[in-house]
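For reference, the structure discussed in these notes is given below.
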Amino acid sequence: MQALKGGLSDRSPKTVNNVLTVLSKALRIAVDWKRIDHLPWRIRLVKVQKPQVEFYEPADYERLIEGAQRADERTQILALLGGDAGLRIGKIIALEWTDLDMHRRLITVQRAEWQGEISSPKGGQSRVVPMTGRLADALENHRNLRSRVLSTDDGSSIDWHWAREKMATAQRRAVMRADGKLHKLRHTFGARLAMTGAPAKTIQELMGHQDLQTTMRYLHLTPQHKEAAIRLLERGDILETGPSDTPRGDSGQEKAPEPGRDSGAQLVTRTGLEPMFSA
């Protein structure tokens, strides 16, 4: 076992753990099939330091979308599918027009592309993501008779390199560092949802996470919004809540919710954060 780990010393801890997990599973199956009497050793995974999640601050993200729009229509859709819908690049590449319900403005994420092969999404489960208004408008303007939503000039399927080049172009148009990073848009989607006060379970479903712990890393605010929260404390602008979580005034009487809003929406509005999706 130590020799195996030593041979993988040049790989990332996550890759090492992937190998060890497969080996552990194989040994357990061998025991179940009575090929061996017992597990020869206990496999211990190596410690993995959680990476810092990179995402665009709200103002930077809007600047990037403007840069993508100035580049071309496909670049705009690429950026919005990542930042407004949270799709991974493999799912963006495999997205077909039949996956879109333009009448109800819904995206069904049910396939992914990896190295030219189409497979089920990560985790094996499909999910449905509502479109934002600007994403729906961009898709309506881009409708065509090709099967894939995004394709190259000659009609062939896009790939990771094509998408990275398009993103770098959008970043240059937005006067940003042109690193072409695509997954940062998905992180931005999760962070934006958390900023609006969306429940963790809702964020998990929209992003397609299997483990809620993966979702929890998005439940934080940017430094600007932390500062806004402290300013609210300084003004004493805090809503007291009773057992029913109904906002109460200074007299202790329950305040009636504003028409068309629940108490959660009021709390979001009081912090200056607008919900991403309307009810």
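The values are calculated or read from the model by the stated rules, or taken from the named source; none is laboratory data. Note that the coordinates shown come from a computational prediction; the quantities given were computed from them, not determined experimentally. A quick note on method: Cβ atoms are made from the backbone with ideal geometry, for glycine too, and the neighbour counts reach across all protein chains shown.
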Is there a residue being under 24 Å from Glu62 (Cα atoms), out of contact with any Phe, Trp or Tyr (no Cβ under 9 Å at 6 or more places or on another chain) and not in a helix (DSSP H, G or I) anywhere in region 193-200? yes
Any hit, region 26-49, residues being surrounded by fewer than 18 Cβ atoms within 10 Å (Cβ to Cβ), among the hydrophobic types (A, V, I, L, M, F, W, C) and under 30 Å from Arg172 (Cα atoms): no
Can we say Arg172 is without any contact (Cβ under 8 Å) to a residue 40 or more places away in the chain, more than 22 Å from Ala112 (Cβ to Cβ) and not hydrophobic (A, V, I, L, M, F, W, C)? no
Just to be sure before I move on: is Pro121 modelled with pLDDT of 95 or more and of a type outside the set (A, V, I, L, M, F, W, C) in the structure I sent? no
On the given criteria, is Leu78 in contact (Cβ under 8 Å) with a residue 12 or more places away in the chain and touching a helix residue (DSSP H, G or I) at 6+ places or on another chain (Cβ under 9 Å)? yes
Selection over region 152-168 where residues are surrounded by fewer than 19 Cβ atoms within 10 Å (Cβ to Cβ) and in contact (Cβ under 8 Å) with a residue 40 or more places away in the chain yields a count of 3
Looking at the structure I just gave you, is Gly90 farther than 18 Å from Asn144 by Cβ and crowded, with 22+ Cβ neighbours inside 10 Å? no
